[in-house]
Amino acid sequence: MVQTDVLTLADRQIEYRLLPARRAGAGDLVMLHEGLGSASMWGDLPDRLSEATGCRTLVYSRHGYGRSSPLSAPRTSDYMHEEARVWLPALLDAHHITEPILFGHSDGASIALIYASESERAVKGVIALAPHVMVEDITITGIERARAQFRESDLRARLARHHADVDGAFWGWNRAWLDPAFRAWNIEQLLPSIVAPVLVVQGTDDEYGTVEQVDRMRRALPNVKYLEIGDCGHSPHRHHSDAVIRATRQFIQSLDGTSASATTPAER
C-alpha cells in the first residue's frame, strides 16, 4: 500500500497523498473518491495521471474513509454538500490550491459538481466519472445489492484492506443512500451555475446509474464534453484506465489551449 500523510482539519484527521508537479504550470489535479473509496483504492491511477498530465496531484480519503478519522455520527442526506462547502475548501486552503482541476468518481464526481457550482474559488475544470445528479431506481437497487454483498460475500474483507473502520465506511454510505428521504436528493438546479469546462465519463452498463444522468448534465451545463465507454460498469477508470487517462490528459491540455479537446471514437 502506498505511503500517505495525515492532515488535521478542525476535529478530524484526513489521510492524503500529494504528488509533485512534473511540469511547470500544469495545474493542480484533486481526486475525489467514490462512496466506498479511499486514497488507496485509486491504486496507481494518481501516479499515472500525474505522469500523463504533469499536474501536482492531491488524493485524499474523506472523513470516515481510508485512514481518515472514523465517523462519529451517521451521514445525513446533505453529506456531499457539506464536503463540497466545508471540507474540500479547507483541504484546498491547506495545500494552497487556488484553481483546482477536480477529478471525481461517483459521489466524488457529485461533490466536484456541487463545489464547481457554488465556490467563489475559480475551478479550472471538472472530470466527472459516473456522476450522480439525481437518484434513480437503478441506483437504489445497486446499493441494496451492495448491502447484501457486504453481509454475505467477501466484499467486507476486500474493503477492509482500504478502510481502518470498514463498517463505518460502508454503513455510513449505504444507510444514507437507502434512507427514503434521500430519494429527493437532486443537484440539477446547480448545474447551470458551473462555468468551468466539464468532461463527463460514463459507462454504458453502469449498475448504479443510466445515461439519463449524463443527458440531464448535457442539457444544463454550458460547456461539457462526453466520453461514453462500454463494458466498464460503474468504474470506467478501473476497467479502461488508458482511455480515461488519455481523455483526461487531452481535456486538461485543452484548458490551456495547448491541445485539441478530448475526442475518441467512443465519444458522442
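Bear in mind these aren't lab numbers, they're just calculated from the coordinates by the rules spelled out. Remember, predicted model here, so these are calculated numbers, not experimental data. Reconstructed Cβ throughout: ideal geometry from the backbone, glycine too, with neighbour counts over all protein chains shown.
One table, with the values for the structure above:
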{"read-out": "Anisotropy class of the stretch 42-135 from Cα gyration tensor, a/c 1.5 cut", "value": "rounded"}
{"read-out": "Calculated [θ] (222 nm, deg cm²/dmol) that DSSP helices of n ≥ 4 give over the chain, each run adding -39,500 (n - 2.57)", "value": "-10000 deg cm²/dmol"}
{"read-out": "Descending semi-axes in Å of the stretch 5-255, equivalent ellipsoid built from Cα gyration tensor", "value": "25, 21, 18"}
{"read-out": "Paramagnetic reach from THR76 in the stretch 181-207 [backbone N under 15 Å; point 7 Å along Cα→Cβ]", "value": "181-182, 185"}
{"read-out": "Spin-label model distance (nm) - MET134 vs GLU51, 7 Å beyond Cα toward Cβ", "value": "4.2"}
{"read-out": "Extension gain (nm, one decimal) between VAL2 and THR141, 0.36 nm per residue minus Cα-Cα", "value": "46.7 nm"}
{"read-out": "Stretchable slack from GLU212 to ALA24, in nm (0.36 nm times residue separation minus alpha-carbon distance)", "value": "63.8 nm"}
{"read-out": "Net charge over other residues, Cβ less than 11 angstrom from the Cβ of LEU92 (K, R count +1; D, E count -1)", "value": "-2"}
{"read-out": "Fewest-first ranking of VAL214, VAL201, VAL2, using other Cβ atoms within 10 Å as the exposure measure", "value": "VAL2, VAL214, VAL201"}
{"read-out": "ARG121 versus ARG151: modelled label distance in nm, points set 7 Å from Cα along the beta carbon direction", "value": "4.0"}
{"read-out": "Extension gain from ASP167 to HIS239, taking 0.36 nm per residue of separation minus the Cα-Cα distance", "value": "23.3 nm"}
{"read-out": "Rounded to 5, percent antiparallel among DSSP beta bridges of the chain", "value": "30"}
{"read-out": "Of SER68, PRO46, ALA24, farthest towards positive along the dipole that unit charges on Lys, Arg, Asp, Glu beta carbons give the stretch 8-130", "value": "ALA24"}
{"read-out": "Exposure proxy order (Cβ contacts within 10 Å, fewest to most) of CYS232, CYS55", "value": "CYS232, CYS55"}
